[in-house]
1. Which one of these does residue 107 not meet: (1) out of contact with any helix residue (DSSP H, G or I) (no Cβ under 7 Å at 6 or more places or on another chain); (2) among the β-branched types (Val, Ile, Thr); (3) crowded, with 20+ Cβ neighbours inside 10 Å?
2. In segment 46-96, which residues are among the aliphatic types (A, V, I, L, M), surrounded by 20 or more Cβ atoms within 10 Å (Cβ to Cβ) and either touching a residue at least 60 places away in the same chain (Cβ under 8 Å) or outside any helix (DSSP H, G or I) (or both)?
3. Looking at segment 214-232 only, could you name the residues that are in a helix (DSSP H, G or I) and either within 18 Å of residue 188 (Cα to Cα) or not hydrophobic (A, V, I, L, M, F, W, C) (or both)?
4. Out of curiosity, is residue 264 without any contact (Cβ under 8 Å) to a residue 12 or more places away in the chain, under 30 Å from residue 317 (Cβ atoms) and crowded, with 17+ Cβ neighbours inside 10 Å?
5. Please list, ordered by first then second residue, the pairs with beta carbon atoms under 6 Å, 6 or more apart or interchain, first in segment 268-296 and in contact (Cβ under 8 Å) with a residue 40 or more places away in the chain and surrounded by 18 or more Cβ atoms within 10 Å (Cβ to Cβ), second basic (Lys, Arg) and not in a loop (DSSP other than H, G, I, E, B).
6. Pick out, from segment 233-351, the helices (runs of 4 or more DSSP H) lying fully within it that include 2 or more residues that are acidic (Asp, Glu).
7. Within 28 Å of residue 107 (Cβ to Cβ) and at pLDDT below 95 - does that describe any residue in segment 154-165?
8. Taking segment 304-323, which residues are touching a Ser or Thr at 6+ places or on another chain (Cβ under 8 Å) and surrounded by fewer than 17 Cβ atoms within 10 Å (Cβ to Cβ)?
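The values are calculated or read from the model by the stated rules, or taken from the named source; none is laboratory data. Predicted model only: the values in this text are computed from it and were never measured. Note that we place each Cβ from the backbone using ideal geometry, even for glycine, and neighbour counts take in every protein chain shown.
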Amino acid sequence: MPQVAAAVAERPPAAVGKQPAGSDFAPLLRTIREQGLLDRRIGWYARSIVINALALIAVGTGMFFIGASWWVLLLAPVLSILCARTAFIGHDAGHSQITGNRSVSRVLGLIHGNLLLGMSSAWWNDKHNRHHANPNHVEKDPDVAADVLVWTSNQAKLRVGFRGWLTRNQAWLFFPLTLLQGIAMKIYGFQDLRRQSPRERVAEGTLLVAHVVGYVTLLLATMPLSHAIAFAVIHQALFGLHLGLAFAPNHKGMEMPDPDGERWGHLRRQVLTSRNIRGGLLTDWFLGGLNYQIEHHLFPSMPRPNLRRAQPTVRAHCAAVGMSYAEAGFVDSYRQVLRHMYEVGEPLRVE
């Protein structure tokens, strides 16, 4: 499977983003390589995968023991958090952060995405790599394409009827809508099977169906139907919310390249469209390292635990070349996102 975004950081400096040898990005890449920050952290990932797997087993065991009681619903938020951890592992596998072996990365993606979450790794990698190649580009980045939500005034002008109502109120509806994000990503994965090659479709589809069957079986085998429905609703809603909290502040409200303007180089394209989230180890854990969005976009194959270590070097380099480096606090980042969404929908609120 092509790993477009991951490959960017693996090319020789002169080839990254088709930059000339004297580009602003080349010396930064050279420094990061010399610091060993692109080296794989297989031991760190092995521990993370094992701990996550054991935690999932523990929750499943708890469901068997207390499934007959409504107290079992307390395990639903725990499972949602563990599923987010699982999604972060699948994300890192898709970027070849865990290992440079594509076959192993593919297996890890299938296990953590398709089997454990019911989310197609092939769909995610295709969409996510296109995003990494052209972040916030309205014609090339699927993450800013007009869908339920819109991200530019030009997109908003075309909205009428129910979609117009959504756009007028999208800032208020954003967090409620994220409750559906987990389910939506599962549906998109099944829909994407039509795009995939026959061989890929069999592997992806079989594991997606296995997840659905396994999930329903686990719920019905451990608790009454009423408990199972309530558990699934809470689990899936909080899982979607967690993903939304991790993804939303990274690019929304940041610069968007003009499709008809000059072609941006790799450094500018990745830095000016991304926002980092300030915080400590708890923020790193909760957001799966995606709070270092600038570093992640500059070096997609950089292992997650190295992103924090790379930040001072990247920040200093941006200052040296006169490029802004966006950071925000956890709460303020969402305030900026919601403000941008509100401003985009403003024309439709004017009678």
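1. The single condition residue 107 does not satisfy is (3).
2. Within segment 46-96, 63, 72, 75, 76, 79, 84, 87 qualify.
3. First, pick out the residues of segment 214-232 that are in a helix (DSSP H, G or I): 214-222, 225-232.
Result: 214, 215, 217, 222, 226, 227.
4. Numbers: without any contact (Cβ under 8 Å) to a residue 12 or more places away in the chain: yes; under 30 Å from residue 317 (Cβ atoms): yes; crowded, with 17+ Cβ neighbours inside 10 Å: yes.
So residue 264 fits the description; yes.
5. Note: pairs meeting the criteria are 289/304.
6. On the way: elements: 266-271, 281-286, 293-298, 304-320, 330-349.
Here the list reads 330-349.
7. no
8. Step one: list which residues in segment 304-323 are touching a Ser or Thr at 6+ places or on another chain (Cβ under 8 Å), which gives 313, 317-318.
313, the sole residue that qualifies.
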